[in-house]
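Structure first, commentary second.
Just so it is clear, none of the values below were taken in a lab; they were calculated from the coordinates. Note that the structure is predicted; figures quoted are calculated from it, not measured. Cβ coordinates were reconstructed from backbone atoms using ideal geometry, including for glycine residues, and neighbour counts include every protein chain displayed.
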Amino acid sequence: MRIGHGWDSHRLVEGRALMLGGIEIDTSTLGEDGHSDGDVLLHAIIDALLGAAALGDIGTHFPPSDSRWKNADSLVLLQIIYEKIRSSRMLVGNIDATVILEKPRLADFLPAIRTTIAESLDMNIDSVSVKAKSAEGLDSVGRLQSIEAHAVVLLTEEPPEMWV
């Protein structure tokens, strides 16, 4: 078994969609300012996957200096990394993630976010946990200037009977 931790943060700006776990949070007037679509949750999960597999970090695989990744869909980035994980004969055991955002409240979006992540990684939804927290008015998150996410993943070796 291998454990990885990921973290990401982006400024919040007007004129961009707020993407979390591949889902647009349509109740927000602010979105992430990022090179790709800015989905901090998927970026944290990607970094956790890469960390557990000792394959570097998201910036190594999708550098902001590379125009191919400008406004890229983070679900596509997740799929690329998932294929690298699978080619290393690893399976994603579970994910535990936390999004820190002052508003809007995310409770109504969490089931769809969990489903999207689970489907993207060929996982049972019961193995994907996504929580939402506020910063209680503290720091740049609490002042509605930024958003951040943390993720922890467990990778397990694929059993030999699956090596086909």
Residues Glu136, Glu32, Glu148, sorted so that the one with the fewest Cβ neighbours within 10 Å comes first: Glu136, Glu148, Glu32
Would you mind calculating the gained length between Trp7 and Arg86 on full extension (0.36 nm times residue separation, minus the Cα-Cα distance), in nm to one decimal? 26.2 nm
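Over all pairs of distinct alpha carbons, what does the Kirkwood formula give as the hydrodynamic radius of the chain, in Å?
For the chain, the Kirkwood estimate is 15.9 Å.
For the pair Lys131 and Thr60, what calculated FRET efficiency results from E = 1/(1 + (r/R0)^6), where r is the Cβ-Cβ distance and R0 = 45 Å, to the nearest 0.05? Walk me through the intermediate numbers first.
On the way: r = 28 Å, r/R0 = 0.61.
That gives a FRET efficiency of 0.95.
From the square roots a ≥ b ≥ c of the eigenvalues of the alpha-carbon gyration tensor of region 109-164, which class results: rounded (a/c under 1.5), prolate (a/b over b/c), or oblate?
Working: a/c = 4.05, a/b = 2.57, b/c = 1.58.
In terms of gyration-tensor shape, prolate.
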Once phi is turned into θ = phi - 60°, what whole-Hz ³J(HN,Hα) does the Karplus curve with 6.51, -1.76 and 1.60 give for every residue of region 3-19, x standing for Gly and Pro? 10, x, 10, x, 8, 8, 8, 9, 5, 9, 9, 7, x, 10, 6, 8, 10
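Once every DSSP H run of n ≥ 4 in the chain is given -39500 (n - 2.57) and the sum is divided by its residues, what mean residue ellipticity at 222 nm do you get, rounded to the nearest 500 deg cm²/dmol?
Working: 5 runs with 46 residues, N = 164.
That calculation yields -8000 deg cm²/dmol at 222 nm.
Between Ala107 and Thr27, 0.36 nm times their residue separation minus their Cα-Cα distance comes to what? Walk me through the numbers on the way to the answer.
Working: separation 80, 0.36 × 80 = 28.80 nm, distance 1.19 nm.
The span from Ala107 to Thr27 would gain 27.6 nm if fully extended.
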Toy charge model, Lys and Arg Cβ at +1, Asp and Glu Cβ at -1: region 2-162 dipole around Cα centroid in debye, rounded to 20, equals 160 debye
Which of the lysines could a cross-linker bridge to Lys103, judged by Cα under 22 Å and excluding same-chain residues fewer than eight apart? Lys131, Lys133
Placed amide H near Ser146: partners under 5 Å, 5+ positions off or other chain: Leu12, Val141
Connecting every pair of Cα atoms under 10 Å apart in the chain and solving the GNM, the largest mean-square fluctuation among Ala52, Ala107, Ala17 falls on Ala107
Amide proton proximity set for Gly22, modelled H, under 5 Å, gap of 5+: Leu42
State the answer as a single residue: which of Asn124, Leu138, His43 lies farthest towards the positive end of the charge dipole of the chain, with beta carbon charges of +1 for Lys and Arg and -1 for Asp and Glu, about the Cα centre. Leu138
